[in-house]
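Coordinate-derived values only; no laboratory data. Keep in mind that what you see is a predicted model, and the values were worked out from it rather than measured. Quick reminder, even Gly has a Cβ in these numbers, built from the backbone with ideal geometry, and neighbours come from all protein chains shown.
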């Protein structure tokens, strides 16, 4: 029995190694031929668009890995959905899921820290809750206004203006560059928030 378990574990490690190697080869081909896509494994396998190599490798991939590693399951699922909508040019849905991912991250942090908030709270009151409870270090107090502005206006305001309300008689079109900006801005916000949360656990 022990031999079978060891052999099974070894086979699983081998399969994972082959899988990672195949994905690395596939992504290398995507990059070589400038196809603008990356295949992700770890959690839910997914093909995502890769419009800017620097932003993709420095912000988006680290955000996805961090959400998965820290078990921010709701935010991880929503941010992945935002990429799926972006890949299919559904930019309104992309903006909606960007905001959902931001709010889910804030709610997860507040819930784990046992801070008081309402289930119906949106981004701005959730950010206020994090600020009031010292999620951000005291020496950054002079920058709180800028941080709050970046987190509470960059993602929610653009989303609310373009996709979050009734569009009336005119059809509201969300440009590609807005959706690309929001994906990148959301990833940066998620990295900042989860990083601040991790730091708070060490205090």
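A few points about this structure:
- Residues 178, 79, sorted so that the one with the fewest Cβ neighbours within 10 Å comes first: 178, 79
- Difference of contour (0.36 nm per residue) and Cα-Cα distance, residue 124 to residue 181: 18.5 nm
- Set of the stretch 171-191 residues, backbone N closer than 17 Å to the point 7 Å along the Cα-Cβ line of residue 89: 172-180
- Packing-based exposure ordering (other Cβ within 10 Å, fewest first) of 97, 121: 121, 97
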